[in-house]
Structures are given as structure tokens and as C-alpha cells.
1. Summing -39500 (n - 2.57) over the DSSP H runs of n ≥ 4 in the chain and dividing by its residue number, what mean residue ellipticity at 222 nm do you reach, to the nearest 500 deg cm²/dmol?
2. Once the mean 1/r over all distinct Cα pairs of region 186-300 is inverted, what Kirkwood radius in angstroms do you read off?
3. Once you keep just the Cα pairs under 8 angstrom separated by 6 or more residues, what percentage relative contact order results for the chain?
4. Which entry is the computed mean projected area of the Cα convex hull in nm² for this structure: [x] 47.6; [y] 16.9; [z] 15.4?
5. So what are the ³J(HN,Hα) numbers for region 101-109, from phi and the Karplus equation (6.51, -1.76, 1.60; θ = phi - 60°), rounded to whole Hz, Gly and Pro as x?
6. Choose one of A126, I18, G71: the residue whose Cα lies farthest towards the positive end of the charge dipole of region 1-132 (beta-carbon charges +1 Lys, Arg; -1 Asp, Glu; about the Cα centre).
7. Treating only the Cβ of Lys, Arg, Asp and Glu as charged (+1, +1, -1, -1), what charge dipole size does the chain show about its Cα centre? Round to the nearest 20 debye.
8. Which loop chymotrypsin sites (Phe, Trp or Tyr not before Pro) in region 73-149, with loop taken from DSSP, have no more than 12 other Cβ atoms within 10 angstrom of their Cβ?
Amino acid sequence: MSLPVIPFYQHTDPGLAIHHALSELGFMQVSDFGIDKALLSQVYSASREFFCGASEVKRRCRYRSAQENFGYQGIAEENLDPDSPADLKETFTMRNILHACPAEVRWPSLQFKQLMQQFYANVLDASTNLQKAMAVQLGVEETFFTRVNSGENISLRLLYYPAQQAEQVAPSQLGAGAHTDYGFMTLLFQDNVGGLQVLNKQNNWMDVPPLTDTVVVNSGDLLERWTNGLYRSTLHRVKPQTSGRDRLSIAMFIDPDSQTSVVPLPSCVSNQRPAQFSATTAGEHIQSKLNATHKSRFTQ
């Protein structure tokens with residue numbers, strides 16, 4: 001079994017294709033929906049330069065709090081699965097960088113900041129096509145999701161999984177522990193190394209090989225709540241890089257503004273499918289998940 005691939009602008013009914021993919025597995029691969037390939041290549045290059053660069057630059061860009069959700073974290077500083085050892089990855093997280101940027105000193109360079117802002121804007125703009133198609137398919141107005149995904153909680157994240165010696169990896173330790181994503185929708189760009197796995201309905205881990213010019217898209221916890229469990233927020237993980245090659249990926253977390261009320265949509269509730277989730281706000285859910293992931297060292 002493999003993830004469905006949806007060529008967005010070429011598809012006769014992309015909303016229906018998205019509906020089938022997210023209700024079946026919660027994951028899909030999407031191509032042809034507005035990502036600037038040259039810009040993506042520049043972001044990969046800047047990401048590698050940062051992660052392989054000077055440690056003093058990384059220290060200057062340190063992650064300070066789950067509330068801010070901005071900055072660099074090193075190996076084993078994040079633990080996505082509390083039942084497993086800490087993750088074998090480095091990250092640089094950038095939340096709401098079009099409207100609320102940290103001071104210049106918190107960035108590797110001005111050029112890096114401007115590049116990330118440009119790419120963030122490109123991905124956010126491209127994602128609106130997916131959001132609108134989902135909304136129409138779910139029986140709400142086209143702008144239902146886009147108007148609450150303004151950027152307040154939307155984060156761009158660079159991820160680096162250094163190559164590991166197999167004998168140095170603890171039992172059950174992973175590049176990224178098994179987890180679901182917290183918010184509305186995630187777009188993941190992978191290099192050609194691989195390592196992402198998704199838990200299918202048979203409770204088997206399924207590899208997601210990288211495909212050229214495609215983006216992995218998955219539904220998060222809040223989209224699962226909105227759809228009353230129809231769209232799945234599926235467990236996924238990243239294997240440790242013991243093949244001798246390191247791995248780069250880039251994630252864009254499309255997460256709703258904090259005060260957004262999330263309650264099952266009328267089209268997803270019936271006598272046969274009563275509401276499974278109580279109302280919550282996006283901010284309450286996302287912050288509780290971030291606090292748990294980063295433990296007390298980063299909570300405020």
C-alpha cells in the first residue's frame with residue numbers, strides 16, 4: 001500500500017480525492033499546487049548550511065519557550081513519544097514569521113530570515129487551495145478554514161536527522177518518535193533519503209518513500225475533531241538514520257488561530273455518527289501538546 005498522489009490542478013475533483021485520502025489514511029501526496037521549486041531548493045541549501053554550521057550561531061538562535069515556539073533545538077532536546085528515548089534530530093522552528101518576527105539577533109542571518117519568510121508565504125498561499133477544496137467537500141463555505149488560519153499559529157520547521165551509528169542508537173530510539181500532528185494540516189517536503197513511516201489501519205508501519213516534486217500532506221488533531229473523526233490524525237514517525245546518510249525535511253504546520261472554536265461540523269454528525277469530540281479552542285489544544293512535548297524546560 002502507498003499514499004495516494006493527487007495532482008491538484010490537473011485533477012477533475014481534487015476535493016473528493018482529498019476526502020478519500022484523509023478519511024482512509026489521513027495522509028496523501030500532492031503535486032502541482034503552487035510550490036516554487038527553485039525557492040524550495042534554496043531553503044534546503046540554507047537548512048543544510050545552518051545545521052552543519054557553527055555551534056555559536058545555533059546557540060544564538062536557541063528555542064526559548066513552547067509559547068513562543070521559535071528557534072533551534074539540538075539532538076535529544078525534543079521527545080515526541082514519551083514512551084521512547086528522545087528524538088535523534090535537530091530542528092529550527094519559525095512561528096508566525098510574517099507578522100511577529102523575533103529580533104534579528106535570533107536569526108542566523110538577515111538573508112536566512114528573508115528566505116524563510118518568502119518560502120513561508122509561498123507555502124501558505126499554496127495551502128489555501130487545499131483548504132478551500134476541503135471546506136467545500138465538507139459542506140461549509142469555501143473560506144471556512146482559510147479565515148481562521150491567518151498565521152498566528154502557523155509554523156515553518158526545518159528538520160535535520162544526522163547519520164547515526166547503529167550501535168549508538170538506544171533500543172526503540174527514533175529520529176522522530178511516533179506522534180500525531182497537533183493542528184489542522186501539515187505539509188512535509190522530504191529530500192531523497194527517506195525514513196518517514198505512517199501507521200496504517202492494520203497497525204503496521206508503512207514506509208513513505210520520497211517522490212519528486214510532491215508534498216506529503218496529512219490531517220492533524222484539530223481537523224480530525226472538526227470532521228468528527230472522519231479525517232484521521234494518524235500516528236507517524238521517522239526512523240533513525242543508520243544507513244550512513246543524513247536526512248533533511250521541511251514541515252509547514254497550518255494551525256488555526258488560538259481563539260478558534262473547534263467543534264464537529266454539522267455535515268460530519270448524524271444519528272449514526274454522533275459527536276465524538278467536545279468543543280475546544282485551537283490555542284488550548286496546541287499549547288497543551290507543545291508543553292507536553294517540550295516538557296517543563298520550555299513551558300511558561
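Coordinate-derived values only; no laboratory data. Everything quoted here is computed from the prediction, not taken from an experiment. Cβ: placed from backbone, ideal geometry, glycine included. Neighbour counts: every protein chain shown.
1. That comes out to -9000 deg cm²/dmol.
2. On the way: mean 1/r = 0.0609 Å⁻¹.
About 16.4 Å, per the Kirkwood formula over Cα pairs.
3. Numbers: 613 pairs, mean separation 69.0, N = 300.
Relative contact order for the chain comes out at 23 percent.
4. Evaluating mean projected area of the Cα convex hull in nm² on these atoms matches [z].
5. Computed from phi, the couplings for region 101-109 are 6, x, 4, 3, 5, 7, 9, x, 6 Hz.
6. Projecting each Cα onto the dipole axis, the largest value belongs to G71.
7. On the way: 25 positive and 29 negative charges, 107 e Å.
For this selection, approximately 520 debye.
8. Working: sites: F92, F112, F119, Y120, F144, F145; in loops: F144, F145.
Here no chymotrypsin sites (Phe, Trp or Tyr not before Pro) fit, given the DSSP loop and packing criteria.
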